[in-house]
1. Of the conditions (1) exposed (fewer than 14 other Cβ atoms within 10 Å of the Cβ); (2) modelled with pLDDT under 95; (3) assigned to a helix (DSSP H, G or I), residue 24 satisfies every one except a single condition; which number is it?
2. Does region 31-38 contain any residue that is within 18 Å of the chain's Cα centre (by Cα), surrounded by 14 or more Cβ atoms within 10 Å (Cβ to Cβ) and in a helix (DSSP H, G or I)?
3. Tally the residues that are modelled with pLDDT of 90 or more and either in contact with a strand residue (DSSP E or B) (Cβ under 7 Å, 6 or more places away or on another chain) or farther than 17 Å from residue 75 by Cα (or both), restricting the search to region 1-21.
4. Of the numbered conditions (1) more than 18 Å from the chain's Cα centre (by Cα); (2) assigned to a helix (DSSP H, G or I), residue 68 satisfies every one except a single condition; which is it?
5. Name every residue in region 52-74 that is surrounded by 12 or more Cβ atoms within 10 Å (Cβ to Cβ) and free of Cβ contacts under 8 Å to residues at least 24 places away in the same chain, in order of residue number.
6. Is region 109-116 home to any residue that is under 18 Å from the mean Cα position of the chain (by Cα) and in a helix (DSSP H, G or I)?
């Protein structure tokens, strides 16, 4: 039997890049779970575990001692949780934008609305969705 080389169009799996990507998602999710002054990172980690279904040990490992590789189910769970949180934040911004649009028009308010619409447009172009 001979070894078959990777085809040119086949994507090569890079474990380090995958772990780095998962670490960024975990960092963002922990940031959302952290309440601020008086809160501890450990408490935020356990809240994130309850909310997103990712083990607290995973958050700790990705923050302090990155593994060389990450399990697919943990990677996909982190990805789904991150995308869901981004979707919630975009929906919240859309709702607040509609509330601001209902207020009387001022130059400062118009600038804020334009900035928010531009941010939502960029998010939609990244994800390929229209809201």
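The values are calculated or read from the model by the stated rules, or taken from the named source; none is laboratory data. Note that this is a predicted model, so its numbers are computed, not measured. Methodologically, a virtual Cβ is constructed for each residue, glycine included, from the backbone with ideal geometry; neighbour enumeration extends over all protein chains shown.
1. (2)
2. Yes - at least one qualifying residue is present in region 31-38.
3. Residues that pass the stated criteria total 0.
4. Against the list (1) more than 18 Å from the chain's Cα centre (by Cα); (2) assigned to a helix (DSSP H, G or I), residue 68 comes up short only on (2).
5. If the condition is that a residue be surrounded by 12 or more Cβ atoms within 10 Å (Cβ to Cβ) and free of Cβ contacts under 8 Å to residues at least 24 places away in the same chain, then 55, 56, 60, 61 are the ones that fit.
6. no
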